[in-house]
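The values are calculated or read from the model by the stated rules, or taken from the named source; none is laboratory data. The structure presented is a predicted model; accordingly, all values stated were derived computationally and were not measured. Backbone-built Cβ (ideal geometry, glycine too); neighbour counts: all protein chains shown.
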Amino acid sequence: MVTLPDIEPVSRESTAAVIARQLRDAIMTGALPPGTQLGETDLAARFQVSRGPLREAMQHLVSEGLLRSERHRGLFVIDLEPGDVYDIYLARSAVERAALLRALRGDRDAVAAILEQTVADMAAAADDDDPAALSTADLRFHEALINASGSKRLVRMARTLLIETRMCLSLLQNTYQRVEERVDEHTRIIDALRAGDDETALHLLEAHMEDAVQRLAPGTSLKQGAAPAVP
């Protein structure tokens with residue numbers, strides 16, 4: 001029998017973890033827009049906590065890449081420069097391409113059914129003129145695709161990428177003249193997946209990523225092979 005060192009009992013979610021989760025959600029949804037400065041005094045008062053757990057939470061978000069620290073100025077929500085958008089979607093393309101290939105080799109009908117539910121939620125949000133709900137359903141589509149790969153490593157790699165993607169989606173929703181365009185793009189990917197058409201499914205996924213990059217960072221393309229310079 002293995003003798004374990006003294007280990008403390010697992011406690012409930014810490015105060016710092018609760019704060020980090022709420023700040024992360026606010027960053028994802030755009031409630032805390034890119035570039036926002038986070039003031040310790042104000043946040044400590046709003047959360048009704050001391051600065052200790054607040055600082056711990058914010059440092060955790062710095063390590064996740066969602067906050068940046070500026071010497072003598074404080075902490076800020078990251079800005080999404082063209083180079084950042086390019087990098088996010090380049091990494092997502094690699095992860096989701098791998099996930100889609102795995103899904104194409106598995107139970108395609110089961111995966112398609114899961115994805116169709118997220119697209120139905122997108123369509124309902126579009127009908128209700130609810131951009132936030134539309135972006136949430138959009139993100140769930142990509143989460144579901146990655147989860148369907150059955151790869152724990154792809155899921156883990158995608159975790160922070162999807163948080164950053166949610167920030168992009170908050171900005172992306174203002175670039176569509178018809179929100180139905182987003183629904184149509186996802187539906188075509190599902191149709192190709194269900195048909196087992198690898199070439200078309202991968203092409204549609206890549207085109208979907210490329211379209212988002214060009215909407216968010218005009219003049220930037222995943223096809224250019226190098227990240228644009230960041231001013």
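A few remarks follow.
- Here T118 clears all of (1) more than 22 Å from S221 (Cβ to Cβ); (2) of a type outside the set (G, A, S); (3) at pLDDT below 90; (4) touching a helix residue (DSSP H, G or I) at 6+ places or on another chain (Cβ under 8 Å) except the condition numbered (3).
- Residue check, T160 within 27 Å of A217 (Cβ to Cβ), assigned by TED's automatic domain parsing to the domain that holds G219 and touching a Lys or Arg at 6+ places or on another chain (Cβ under 8 Å): no
- From the list V62, V111, V49, V95, the lone residue that is outside any helix (DSSP H, G or I) and either within 30 Å of T15 (Cα to Cα) or out of contact with any Pro (no Cβ under 6 Å at 6 or more places or on another chain) (or both) is V49.
- Checking P218 against (1) in a helix (DSSP H, G or I); (2) surrounded by fewer than 17 Cβ atoms within 10 Å (Cβ to Cβ), the condition it does not meet: (1)
- Filtering segment 123-181 to residues that are basic (K, R) and touching a Leu at 6+ places or on another chain (Cβ under 7 Å) leaves only R166.
- Pairs with Cβ under 8 Å, 6+ apart, first in segment 126-153 and at positive phi, second hydrophobic (A, V, I, L, M, F, W, C) and not in a helix (DSSP H, G or I): none
- Any hit, segment 161-177, residues being of a type outside the set (D, E) and modelled with pLDDT of 90 or more: no
- Of all residues making up segment 49-66, the number that are within 18 Å of D25 (Cα to Cα) and without any contact (Cβ under 8 Å) to a residue 40 or more places away in the chain: 7
- Across segment 121-137, the qualifying residues are those that are assigned to a helix (DSSP H, G or I) and of a type outside the set (A, V, I, L, M), and the one among them that is surrounded by the most Cβ atoms within 10 Å (Cβ to Cβ) is S135.
- Residue check, R140 under 12 Å from the mean Cα position of the chain (by Cα) and buried (at least 17 other Cβ atoms within 10 Å of the Cβ): yes
- The sole residue among L54, L101 that is outside any loop (DSSP other than H, G, I, E, B), touching an Asp or Glu at 6+ places or on another chain (Cβ under 8 Å), not small (G, A, S) and not assigned by TED's automatic domain parsing to the domain that holds A133 is L54.
- Across segment 22-67, the qualifying residues are those that are surrounded by 14 or more Cβ atoms within 10 Å (Cβ to Cβ) and among the hydroxyl-bearing types (S, T, Y), and the one among them that is modelled with the lowest pLDDT is T29.
- The lone exception for I88 - which of (1) in a strand (DSSP E or B); (2) assigned by TED's automatic domain parsing to the domain that holds L205 it fails: (1)
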